[in-house]
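This report concerns only the one structure given below.
The values are calculated or read from the model by the stated rules, or taken from the named source; none is laboratory data. Just so it is clear, the structure is predicted and the values come from calculations on it, not from any experiment. Glycine also receives a Cβ, built like all others from the backbone with ideal geometry; neighbour counts cover every protein chain displayed.
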Amino acid sequence: MPIEKMVPLMIDGIRDTMYMTVVSTFFAYLLGLPLAIALVLTSPKGLAPRPLIYRVMDAVVNIFRSIPFLILMILVIPLTRLIAGKAYGSTATIVPLVIAAAPYVARMIESSLLEVDPGVIEAAQSMGASIPQIVFKVIIPEAKTSLIVGATISSGTILGYSAMSGAIGGGGLGQIAISYGYNRYQTDVLLVTVILLVILMQLIQVVGMTISRKTDKRVRE
Amino acid sequence: MALIELRHLTKTFRGKMQTVEALRDINLSIHQGEIYGIIGMSGAGKSTLVRCINFLEKPTGGQVIIDGKDLATLTPKALRALRQDVSMIFQHFNLLQQRDVRGNIAFAMEIAGMKKADIERRVDEMLEIVGLTDRQHNYPSQLSGGQQQRVAIARALSTNPKIILCDEATSALDPQTTTSILNLLREINQKMGITIVIITHEMSVVESVCTHVAIVDNGDLVENGTVEQVFSQPKSEAARKLIFRKAGADAGVMGDRMIRIVFEGNASSEPIIAGLVMECHVAVNIMYADTRDVGGKAFGQMILQLPEDHLQQEKAIYYLQNKNLRVEEVNGHAH
């Protein structure tokens, strides 16, 4: 493909991929964070044990986590049409992306929150802290570093999913790779999209890790 | 009425395979201004006991009454309010790693819902008391263990509590740091009249700061009273073990029949052992002797190994008893 056609194509691709990744990550956290907090609190060893509620949420998360993304995308097409008005394109892809990523994100957050030293939580309880105070003043701030690392990994995974969605009508770099590289044998386009995806992944990784390191107060300076 | 009243306190942990009786029928009264040591071997149930005092552990039976309030009858909200009067410090300090010293001290007051300006003022006062003003912007990972415990003490004091519970607060610290932390606790007790409960497995901690002591052994409270009483007349096996373990281990006592004699004030001016040897012609071996300052009073004790001959043993004991000394058998369990 000539360069003057390739550049605008790739710019559009990057824009769409970033758009899907950022918006999906945002909504996945919007759903995943409360879910993770609920899992941590209601677990049998949590601050407000509710074994039944915990088991139901735990099972739902596992079910969604075990459906491969491409199949999930097909399964939720009716819902996607309902929300986005159509089942193809970048905006529509956000719906299955969020549904696939939210349980994943919930597990990532849950494991970060569980890393918080139980001694510090006990100290807060001994001062008369309420459960919301413990969550927002102790657990989340203390898990901050681990949460940022988790967010980095999660958005990387969502970036990967968004590229995969190109196979069945999603947008962005994944769709370019499949329609030009796979269907039309344009290997140069395929290679460029791969390189761009690698660069995007690196960018997310470097930015995320730098933020987590810079904000961690546990390290001696 | 005592500030802290434990009545028939029982705590049983029910597991799938077994149930563990961590505490059995504990009765204890702690009055305002006391420094009450609760001592026992590890696994004796003392950490569970202190957690029952602020209901971090809910007892299975019995009552915990603090300042006239039965904790079991309080609503969750009232219980949280009461906990602001009962601060706690821990073996591993349990500071927020992502907040600096100021932030950690402010934390307890934020929980209590104090105004920001008041918090800032009070943090300055607390920093002054624990001597960490120059470290106020450091994070816990940049502080030594002793400094971290000082931050924890400042945090505990900030809400003006009536009681401070210390759960093995000096166990992770070296001896010098332990002394300085204990001195700080004593100062707080004397200047502010705050009642302190100290959980420990170290007799030296009880000796140096406590006014009263309770001995917990295998879930039972076996003995309690003033430190003087319990040290000079230990009644229970567990108390003897704890007191003599220190004495015996230091001196490496071993032998057949041994007795322990206790000097209190008047008797120490008289040459008792010389008299025993000269008047009764009984040779004794001094296995261990020391004088300690317990609650401001000199308190001497000596462990003597007696000769094999039974008659000579009785003679020596009779002589010592006639000098108005308390004589106790030191049996095999003692060391």
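Return the residues of segment B:20-66 that are away from chain A (no Cβ under 14 Å) and either out of contact with any strand residue (DSSP E or B) (no Cβ under 8 Å at 6 or more places or on another chain) or part of a helix (DSSP H, G or I) (or both); say none if nothing qualifies. Matches in segment B:20-66: B:SER42, B:GLY43, B:LYS46, B:LEU49.
Conditions (1) among the polar types (S, T, N, Q); (2) under 15 Å from the mean Cα position of the chain (by Cα); (3) at positive phi; (4) surrounded by fewer than 18 Cβ atoms within 10 Å (Cβ to Cβ), marked per residue:
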site: A:LYS5; (1), (2), (3), (4): no, no, no, yes
site: A:PRO8; (1), (2), (3), (4): no, no, no, yes
site: A:ILE11; (1), (2), (3), (4): no, no, no, yes
site: A:TYR19; (1), (2), (3), (4): no, yes, no, yes
site: A:LEU39; (1), (2), (3), (4): no, no, no, no
site: A:THR42; (1), (2), (3), (4): yes, no, no, no
site: A:PRO49; (1), (2), (3), (4): no, no, no, yes
site: A:TYR54; (1), (2), (3), (4): no, no, no, no
site: A:MET57; (1), (2), (3), (4): no, no, no, no
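When you check A:SER146 against the structure, is it more than 8 Å from chain B (Cβ to nearest Cβ), in a helix (DSSP H, G or I) and surrounded by fewer than 18 Cβ atoms within 10 Å (Cβ to Cβ), yes or no? Considered against the rule, which asks whether it is more than 8 Å from chain B (Cβ to nearest Cβ), in a helix (DSSP H, G or I) and surrounded by fewer than 18 Cβ atoms within 10 Å (Cβ to Cβ), A:SER146 comes out as no. Number of residues in segment B:133-179 that are touching a helix residue (DSSP H, G or I) at 6+ places or on another chain (Cβ under 9 Å), within 14 Å of chain A (Cβ to nearest Cβ) and hydroxyl-bearing (Ser, Thr, Tyr): the value is 5.
Say whether the condition of being free of Cβ contacts under 8 Å to residues at least 24 places away in the same chain, away from chain B (no Cβ under 12 Å) and farther than 30 Å from B:LEU95 by Cα is met by at least one residue in segment A:167-177. There is at least one residue in segment A:167-177 that is free of Cβ contacts under 8 Å to residues at least 24 places away in the same chain, away from chain B (no Cβ under 12 Å) and farther than 30 Å from B:LEU95 by Cα. If you check B:ILE129 against the conditions, is it of a type in the set (A, V, I, L, M, F, W, C), touching a strand residue (DSSP E or B) at 6+ places or on another chain (Cβ under 8 Å) and either surrounded by 17 or more Cβ atoms within 10 Å (Cβ to Cβ) or farther than 23 Å from B:PHE231 by Cα (or both)? Against the criterion (of a type in the set (A, V, I, L, M, F, W, C), touching a strand residue (DSSP E or B) at 6+ places or on another chain (Cβ under 8 Å) and either surrounded by 17 or more Cβ atoms within 10 Å (Cβ to Cβ) or farther than 23 Å from B:PHE231 by Cα (or both)), B:ILE129 does not qualify.
Restricting to segment A:124-133, what's the tally of residues that are in contact with a Leu (Cβ under 8 Å, 6 or more places away or on another chain) and either within 9 Å of another protein chain (Cβ to nearest Cβ) or surrounded by 22 or more Cβ atoms within 10 Å (Cβ to Cβ) (or both)? Residues meeting the conditions: 3.
B:ALA106 - would you say it is at the interface with chain A (Cβ under 9 Å from one of its Cβ atoms), modelled with pLDDT of 95 or more and on the phi < 0 side of the Ramachandran plot? No, not satisfied. Residues in segment A:178-192 that are touching a Leu at 6+ places or on another chain (Cβ under 8 Å) and farther than 11 Å from A:LEU9 by Cβ: A:GLY181, A:TYR182. Looking across segment B:160-188, the residues that are under 16 Å from B:PHE90 (Cβ atoms) and in a loop (DSSP other than H, G, I, E, B) come down to B:PRO161, B:GLU168, B:ALA169, B:THR170, B:SER171, B:ALA172, B:LEU173. Scanning segment A:117-143 for residues that are hydrophobic (A, V, I, L, M, F, W, C) and not in a helix (DSSP H, G or I) gives A:MET127, A:ALA129.
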